[in-house]
Amino acid sequence: MLTLERTADLDRWKREAARGALDFVRPGMRLGLGSGSTAAHFVELLAERVRAGLDVVGVPTSEATAAQAMRLGVPLTTLDEAPELDLTIDGADEIDHELTLIKGGGGALLREKIVAMASRDMIVVADESKRVERLGRFALPIEVVDFGLAATTRAVAAAVRGAGCDGPIRLRHRPDGLVFVTDQGHLILDAGLGQIPDARLLALRLAEVPGVVEHGLFIGLARRAILAGREGVRVIERS
């Protein structure tokens, strides 16, 4: 369990990483606005710049981000109105040395991936704890439809094994015990794999399962990551 001091450190580092991403924002940009605690810091800091005169427009990746941005006065649009974005700023649950990500801990992975794919560039902002040598310690979110859930779960388990992984696959529930439902009305399976030896192979196997809408492996999307921790802020770029 995190101590209060550790929690405060992590929150401060998240904000420092988010602040570092502002250096890459230029007037007139169309921005993808990520979801989660670190992305929320970015939206808050971006709003300060907007109030000071920065001219940008954002596409939110979740209803929560949209509500925050509107409350703080960040202009918003949609991918229908602006199908090509300049830059997406988002957080991650895990980041490896190739800037392959696990995302979806908050349940917004489908919209996050759509927005990232529509962007010319993507920057990940995170505290140093999200950096890992191999993905998989964080359970991989897999968004699925509710029809045929038991069959889909079996097929997902087979796909996972086919990619050289193994571990429990559980339907996500909310803290109140009800089944978690995404903004798109789907469900989430969380695959506790421990480690993922080949993220690309796993992504391919999961994509073959008809009931899978999307998975939380983000491969080749992030160009750079801004990480903050005890040693300060550092920028890692994908080779």
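The values are calculated or read from the model by the stated rules, or taken from the named source; none is laboratory data. Please read these numbers as outputs of a predicted model, since none were measured by experiment. Neighbour counts are summed over all protein chains in view; Cβ atoms, including those assigned to glycine, are modelled from backbone coordinates with ideal geometry.
Points worth noting:
- Filter result for the condition that a residue is assigned by TED's automatic domain parsing to the domain that holds Arg120, touching a strand residue (DSSP E or B) at 6+ places or on another chain (Cβ under 8 Å), farther than 22 Å from Arg111 by Cβ and in contact (Cβ under 8 Å) with a residue 12 or more places away in the chain, over Gly20, Gly34: Gly20
- Being more than 21 Å from Asp183 (Cα to Cα) and surrounded by 14 or more Cβ atoms within 10 Å (Cβ to Cβ) is a property that Arg19 has.
- Any hit, segment 225-239, residues being more than 30 Å from Ala8 (Cβ to Cβ), of a type in the set (Gly, Ala, Ser) and at pLDDT below 95: yes
- Subset of segment 104-136 [touching a Gly at 6+ places or on another chain (Cβ under 9 Å) and within 13 Å of Ala199 (Cα to Cα)]: Gly136
- Which listed residue, of Gly162, Gly106, is modelled with pLDDT of 95 or more, small (Gly, Ala, Ser) and under 17 Å from Arg200 (Cα atoms): Gly162
- Some residue of segment 123-145 being over 24 Å from Gly91 (Cβ atoms), surrounded by 15 or more Cβ atoms within 10 Å (Cβ to Cβ) and at pLDDT 95 or above: yes
- From the list Ile102, Ile123, the one residue that fits, being in contact with a helix residue (DSSP H, G or I) (Cβ under 6 Å, 6 or more places away or on another chain) and closer than 23 Å to Asp9 by Cα, is Ile123.
- Considering only residues in segment 195-220 that are closer than 19 Å to Gly106 by Cα and not β-branched (Val, Ile, Thr), the one that is surrounded by the fewest Cβ atoms within 10 Å (Cβ to Cβ) turns out to be Glu214.
- Which numbered condition Arg170 misses (of (1) surrounded by 14 or more Cβ atoms within 10 Å (Cβ to Cβ); (2) closer than 16 Å to Gly216 by Cα): (1)
- For segment 117-155, a residue qualifies if it is farther than 30 Å from Ala228 by Cβ and aliphatic (A, V, I, L, M), and the qualifying residues are Val144, Val145, Leu149, Ala150, Ala151, Ala155.
- First in segment 186-197 and on the phi > 0 side of the Ramachandran plot, second anywhere and buried (at least 21 other Cβ atoms within 10 Å of the Cβ), Cβ under 7 Å, 6 or more apart: Gly194/Gly136
- Exactly one residue out of Ala158, Ala163, Ala199 is over 30 Å from Ala228 (Cβ atoms), out of contact with any helix residue (DSSP H, G or I) (no Cβ under 8 Å at 6 or more places or on another chain) and not acidic (Asp, Glu): that is Ala158.
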